[in-house]
Every structure is written in structure tokens, then in C-alpha cells.
Amino acid sequence: MRPKSTLITSASPQISLSKAPPFDVKVPIVRTTKDDLVDVLRPLVESFEERKRLGEAGRAYVEEVHDVERMTDRLLDIYARL
């Protein structure tokens with residue numbers, strides 16, 4: 001079994017729970033820049049609970065947004081509008 005991972009991007013130094021259109025689902029992303037990488041990641045390194053929480057949230061996001069039935073419905077809707 002592969003370990004759960006946390007997505008790290010280079011934007012702002014905070015965890016983003018913005019909603020991803022068109023799914024209206026919160027996206028658990030740890031945002032960081034090269035200037036604050038250590039400060040942002042230190043709490044994750046030190047907290048198993050936070051890593052676990054973000055991992056579970058990330059998995060739930062992927063299962064919700066990338067569900068094959070949901071993606072199929074979305075593609076059919078797109079094709080219908082062409």
C-alpha cells in the first residue's frame with residue numbers, strides 16, 4: 001500500500017480550502033513558497049495527526065472529484081453543449 005501524500009504547491013503560505021469548481025468540494029492543499037517552505041512544512045513534519053488529516057482529506061477529494069461516474073456525467077454534459 002502506498003503512503004498517502006500531501007500536495008504541495010508554490011503559492012501562498014497557508015492551507016487552502018478553496019472550492020474547486022464545478023464540484024464545490026474543498027481542496028486540501030498546503031501552499032508554500034521557496035521563502036517559507038521550512039516554516040510551512042515544519043508543522044506537518046512534527047504532527048502525524050495533521051499529516052493524517054490532510055491525507056484523508058486529499059483522498060476524499062480525489063474520490064469525490066475524480067469518481068468515474070461523476071467524470072462521465074461531466075464529459076457527457078460538455079459533449080452535449082458542443
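In this simple spin-label model, placing a label point 7 Å from the Cα along the Cα-to-Cβ direction at both Thr33 and Glu64 gives a separation of 2.9 nm. The amide H of Ile29, built 1.01 Å from its N in the peptide plane, has Ser16 as neighbours under 5 Å, considering only residues 5 or more places off or on other chains.
Each reported figure results from applying straightforward, stated rules to the coordinates on display, with no laboratory input. What you see is a predicted model; the values in this text were computed from it and never measured. Cβ sites come from the backbone with ideal geometry, for glycine too, and all protein chains shown count toward neighbours.
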